[in-house]
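**Student:** What follows is a structure written as structure tokens; I'll ask about it next.
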Amino acid sequence: MEKLALRYEGKAKKVYDTDQSEYFWVAYKDDATAFNGEKKGQIADKGEVNNLLSALFFEELEKSGIPTHYVRLISNRDMLVRRLEMIPLEVVVRNIVAGSLSKRLGVEEGYVLSQPVVELYYKDDALGDPLVNESHVSAMGWASAVVVQEVQALGLKINELLKKILVKAGIDLIDFKLEFGIVDGKVYLGDEISPDTCRYWDIETREKLDKDRFRRDLGRVEEAYQEVFRRVKEALAHS
Ligand code: UDP
């Protein structure tokens, strides 16, 4: 597999063309941003952790029948993925109140929701990714009504599968963000599943093991990323 022209550079990943038009080469970076790019930094070896951890999760989800863009690892920092036509939405699933939901509803972080909540955000940096609902999505033509139903159902199914893995790693899945795309009319999970895109709390100590350590200057950021990877790898090895 040959890496060709850089097609797109995001905040955390670079996407390259390959010699096969149906695949992209994704290179994970150590760059970290928060608050819509206002805070910038680096998290040592984040690229490796996010690549390898995402690969583990994608493999497990595939085993449970969730179509993902993941094809295979190329190196510790690079993965080969299926090229998707991306849906311009961030699908957020929440089990416990944190972050923007805590602010929006005036509810303290840590409040346990009686059932998972799914939210849709329109992916647009200039607008700060505004919260939207299903009817905005259909009316704007960002996705059909059928597809928006499907991504929400997939979000809930992925939530159950991830929670099951993470609980074995002693981690509570607080919330996370997914992105989806389409190839030949079929919906696939894209992007990544990592401490950049999820909130993970230690089940016992409630210590944050995710990007909130960077966002909120809590220290031990690298250690938290490594710890999540180590625990998930170990949990999967024993399951
Ligand atoms: N999230 C993300 N990218 C974004 C916004 C949110 O990966 O652009 C993730 C975030 O890490 C968290 C979940 O989605 O796990 C919910 O984030 P929230 O809406 O609380 O926003 P935040 O507090 O991160 O601004």
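Bear in mind these aren't lab numbers, they're just calculated from the coordinates by the rules spelled out. As the structure is a computational prediction, the values presented were derived from the model and not from experiment. Neighbour counts are summed over all protein chains in view; Cβ atoms, including those assigned to glycine, are modelled from backbone coordinates with ideal geometry.
**Student:** Report the semi-axes of the equivalent ellipsoid for the stretch 168-219 in whole Å, largest first, where each axis is √(5λ) for an eigenvalue λ of the Cα gyration tensor. The partial results should precede the final answer.
**Tutor:** On the way: eigenvalues 159, 35, 8 Å².
Value: 28, 13, 6 Å, ordered largest first.
**Student:** Taking every alpha carbon pair in the chain, what does the distance histogram look like in 5 angstrom bins from 0, in percent?
**Tutor:** 1, 6, 13, 18, 20, 20, 13, 6, 2, 0, 0
**Student:** Here's another thing I want to ask about it. Specify which residue in the list Met86, Leu52, Leu4 is farthest towards the positive end of the charge dipole of the chain, using unit charges on the beta carbon of Lys, Arg (+1) and Asp, Glu (-1), about the Cα centre.
**Tutor:** Leu52
**Student:** Given the options Asp124, Asp30, Asp78, state which has the largest fluctuation in a GNM of the chain using a 10 Å cut-off (strictly under) for Cα springs.
**Tutor:** Maximum among the listed residues: Asp124.
**Student:** How large is the helix-only mean residue ellipticity at 222 nm for the chain, computed as the sum of -39500 (n - 2.57) over DSSP H runs with n ≥ 4, divided by its residue count, in deg cm²/dmol to the nearest 500?
**Tutor:** Helix contribution divided over all residues of the chain: -10000 deg cm²/dmol.
**Student:** Loop-only check: which GluC sites (Glu not before Pro) in the stretch 38-96 are DSSP coil with at most 16 other Cβ within 10 angstrom?
**Tutor:** Sites meeting the loop and neighbour criteria: Glu38.
**Student:** So, one more: According to the Cα gyration tensor, what semi-axes, each the square root of 5 times an eigenvalue, does the equivalent ellipsoid of the stretch 70-163 have, listed from largest to smallest in whole Å? Could you put the intermediate results ahead of the total?
**Tutor:** Numbers: eigenvalues 121, 79, 43 Å².
Values for the stretch 70-163, descending: 25, 20, 15 Å.
**Student:** Hey, any idea what Rg/Rh is for the stretch 135-239, computing Rh the Kirkwood way over Cα pairs?
**Tutor:** Rg/Rh: 1.06.
**Student:** Of Phe229, Phe35, Phe57, which is the most mobile in a GNM of the chain whose springs link Cα atoms less than 10 angstrom apart?
**Tutor:** Phe35
**Student:** Taking each full run of DSSP H in the chain as one helix, which ones are at least 27 Å long along their axis (Cα atoms) and have mean Kyte-Doolittle hydropathy of at least 0.5?
**Tutor:** On the way: long enough: 145-168 (36 Å, 0.80).
The qualifying helices are 145-168.
**Student:** So what is the diffusion coefficient of the stretch 1-89 in µm² per second by Stokes-Einstein at 4 °C and 1.567 mPa s, using a Kirkwood Rh over Cα pairs?
**Tutor:** Rounded, D is 93 µm²/s.
**Student:** Among Lys103/Lys186; Lys39/Lys186; Lys46/Lys157; Lys11/Lys168; Lys103/Lys157; Lys3/Lys208, which pairs are too far apart, with a Cα-Cα distance over 29 Å?
**Tutor:** Those over the limit are Lys103/Lys186; Lys39/Lys186; Lys11/Lys168; Lys3/Lys208.
**Student:** What does the stretch 50-97 give for Rg and for Dmax, in Å, if only its C-alpha atoms count?
**Tutor:** Gyration radius and largest Cα-Cα distance of the stretch 50-97: 12.5, 36 Å.
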